[in-house]
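The values are calculated or read from the model by the stated rules, or taken from the named source; none is laboratory data. As the structure is a prediction and not an experimental result, all values here were calculated from the model. Neighbour counts are summed over all protein chains in view; Cβ atoms, including those assigned to glycine, are modelled from backbone coordinates with ideal geometry. Accessible surface is based on the protein model in full, side chains and every heavy atom, while ligands, DNA and RNA are left aside. Shrake-Rupley method; radii C 1.70, N 1.55, O 1.52, S 1.80 Å.
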Amino acid sequence: MSRYFEGGRWHQSFGVGVDTTVEWTLNAHVNCVLCGKEEKVTVLCDDVKRYIYENQLVQNVWPDLSTDEREILISWRNKKADPHWDYHVCPECVPNEER
């Protein structure tokens, strides 16, 4: 078995003439600073690459995700960039008038 990256996707080859595309996923998770609840969302690694390395906007990379799910990804990215960053607030802790 061999793996190679081509066309923006990882591929695996299982023997002669057999080639399958592998969709790698990432579980992004953060904790709410008010209640401590862990929130997570699973996305494709190819999309994460577009978001982080190509600096594409979160709403352009994941238009099908809800606003709350995209907020998890924004908080996750900020936490990865600065481990001391801790400002995520879950939807249950945000007052309705601010939403």
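Among the residues of region 72-89, write down those that are within 11 Å of the chain's Cα centre (by Cα) and surrounded by fewer than 18 Cβ atoms within 10 Å (Cβ to Cβ). Working first, answer last.
Filtering region 72-89 for residues within 11 Å of the chain's Cα centre (by Cα) gives 72-77.
Selection gives Ile74, Arg77.
In the set Glu38, Glu69, Glu92, Glu54, which member is open to solvent by 60 Å² or more (accessible area, probe 1.4 Å) and under 15 Å from Leu26 (Cα atoms)?
Numbers: Glu38 fails: under 15 Å from Leu26 (Cα atoms); Glu92 fails: under 15 Å from Leu26 (Cα atoms); Glu54 fails: under 15 Å from Leu26 (Cα atoms).
Sole residue among the options that is open to solvent by 60 Å² or more (accessible area, probe 1.4 Å) and under 15 Å from Leu26 (Cα atoms): Glu69.
Would region 62-85 turn up any residue that is modelled with pLDDT under 90, in contact with a Lys or Arg (Cβ under 9 Å, 6 or more places away or on another chain) and either of a type in the set (Asp, Glu) or at negative phi (or both)?
Yes, region 62-85 has at least one match.
Sort out which residues of region 21-35 are closer than 20 Å to Val61 by Cα and open to solvent by less than 80 Å² (accessible area, probe 1.4 Å), and write them in order of number.
The answer is Val22, Leu26, Ala28, Val30.
For Trp85, are the conditions met, namely being more than 16 Å from Leu34 (Cβ to Cβ) and among the aromatic types (Phe, Trp, Tyr)? Full working, then the answer.
Details: more than 16 Å from Leu34 (Cβ to Cβ): no; among the aromatic types (Phe, Trp, Tyr): yes.
In short, no.
Suppose we filter region 37-61 for residues that are of a type in the set (Phe, Trp, Tyr) and under 26 Å from Glu92 (Cβ atoms); how many remain? Spell out how you get there, then give the answer.
We begin by selecting, within region 37-61, every residue of a type in the set (Phe, Trp, Tyr); these are 51, 53.
When the remaining residues are screened for being under 26 Å from Glu92 (Cβ atoms), the result is 51.
Total meeting the criteria: 1.
Within region 16-41, restricting attention to residues that are in a loop (DSSP other than H, G, I, E, B) and modelled with pLDDT of 90 or more, which residue is nearest to Ile72 (Cα to Cα)?
Step one: filter region 16-41 for residues in a loop (DSSP other than H, G, I, E, B), giving 16-18, 23-24, 32-37.
Then drop every residue that is not modelled with pLDDT of 90 or more, which leaves 32-37.
Numbers: Cys32: 10, Val33: 13, Leu34: 15, Cys35: 15, Gly36: 14, Lys37: 12 Å.
Result: Cys32.
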